[in-house]
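What follows is one structure encoded as structure tokens, with my remarks underneath.
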Amino acid sequence: MRTTIAVVFGGQSSEHGVSCLTAREVLAVIDREKYDVVPIGITTDGRWVRETARWDDLEPGSLPMVRDSMPPYSWDEVRDLDAVFPLLHGPWGEDGTIQGLFEMAGVRYVGAGVLASAVAMDKPFTKTVFAAAGLPQLPHVTILPWEWDAFRERAVARVHALGLPVFVKPARAGSSSGVTPVHSWDDLEAAVQTARTFDPKVIVESSAGGKREVECAVIQTEKGMPIASEVGEIVVRDDSDHEYYDFEAKYLDGTSTNVVPADLSETMRQRIRRYALQAFDAIGCEGLARVDFFLTDSVDGGLVINEINTMPGFTPISMFPRLWEASGVSYPELVERLIQLALNRPIGLR
Ligand SMILES: Nc1ncnc2c1ncn2[C@@H]1O[C@H](COP(=O)(O)OP(=O)(O)O)[C@@H](O)[C@H]1O
Ligand SMILES: [Mg+2]
């Protein structure tokens, strides 16, 4: 019998379009000799449809969307699949929710399980776990909804203790959605309100200071051992008006480039790889992850860990595949390896 793989994309988060872009590329390289492939789109309001993931009429500079007009796909049908590739970013996809559905349905899937997905999606929880693992991080403050709503002065006082500048971010979002750098306390409230349009829970973090952001990819081998890729750097062009690596710079206007390998000493690259592997295991990750770091101006090389993404951007020009390319794993091979990992892993508690 042939193996049936579904690719799920789109979804209800602010990263819907990015997910669709990734799906188009992954669907183009999946080995059709080997697998029957079912593209499943999730619309922005959460309906599941049979998609084709071909968008011929896309305007330049715009991102694709799952079409409402496609025939519906019922959740129950996932039971008949051999494995699912949830190419979803953000809440309701990368956060353990859809992973829970697959666990309940007894279907295998690519990538992190429920707990690791949920921890990695939630920036304050990620920090708690990373701190317990001894990984260096920037100081931060979490603002819970009840505090902001009823005890705002107290929240603001805790934030002031961090000192300027800070970054205000939704606790559970991605692709820089709702992220604002704050250089004056007068701008704090507006920044928190912006973050809260994505998530009622907000994190405020000291600024890393510099513009250097480096990333390392992790995948598991057949035997389950995580291995780390080459290290890459995201360089936002100096003449761009992006103050940081925002959504536009990431996906739309070409003002950022991925430099692989990053221009760093061998010692620093090794340290980044070591931290990436520690981070992967600290959250109990599976399959794949991209671990992101900042290089700060402080002493001791100033390396701090920023976050771990359990379903990183996955087009051929995205950092995750680029890092594997530089480490000797081509894009189609990467997709195939991840599917194999999913097909070979046990269902249930692992
Ligand atoms: N503490 C910080 N210091 C400096 N830049 C930051 C900081 N936090 C976020 N940024 C900038 O905002 C971008 C998005 O923030 P990040 O924490 O990676 O959230 P996301 O989940 O949206 O990717 C980062 O890639 C970086 O450019
Ligand atoms: Mg990030």
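The values are calculated or read from the model by the stated rules, or taken from the named source; none is laboratory data. Predicted model, so just to flag it, every value in this text is computed and none were measured. Note: ideal-geometry Cβ built from the backbone for every residue, glycine included; neighbour counts use all protein chains shown.
Does residue 81 fit the bill of being crowded, with 24+ Cβ neighbours inside 10 Å and either of a type in the set (Gly, Ala, Ser) or within 27 Å of residue 65 (Cα to Cα) (or both)?
no
Looking at segment 48-77, I want the residues that are outside the structural domain of residue 20 (by TED's automatic domain parsing) and assigned to a loop (DSSP other than H, G, I, E, B) and have a partner that is surrounded by 10 or more Cβ atoms within 10 Å (Cβ to Cβ) and of a type in the set (Asp, Glu) with Cβ atoms under 8 Å, at least 6 apart or on another chain. Which pairs are those?
Partner pairs satisfying both residue conditions: none exist.
Within segment 179-201, can you find the residues that are under 18 Å from residue 138 (Cβ atoms) and within 16 Å of ligand 2 (Cβ to nearest atom)?
Listed by number, the residues that qualify are 179, 180, 181, 195.
Name the residue, out of 273, 196, 212, 269, that is surrounded by 14 or more Cβ atoms within 10 Å (Cβ to Cβ), within 11 Å of ligand 1 (Cβ to nearest atom), at pLDDT 90 or above and of a type in the set (D, E, K, R).
Of 273, 196, 212, 269, the one residue that is surrounded by 14 or more Cβ atoms within 10 Å (Cβ to Cβ), within 11 Å of ligand 1 (Cβ to nearest atom), at pLDDT 90 or above and of a type in the set (D, E, K, R) is 212.
So if I check each of 170, 165, which one is crowded, with 17+ Cβ neighbours inside 10 Å and under 27 Å from the mean Cα position of the chain (by Cα)?
170 is the lone residue from the list that is crowded, with 17+ Cβ neighbours inside 10 Å and under 27 Å from the mean Cα position of the chain (by Cα).
Across segment 22-47, what is the number of residues that are of a type in the set (Gly, Ala, Ser), closer than 22 Å to residue 316 by Cα and either without any contact (Cβ under 8 Å) to a residue 24 or more places away in the chain or not in a helix (DSSP H, G or I) (or both)?
2
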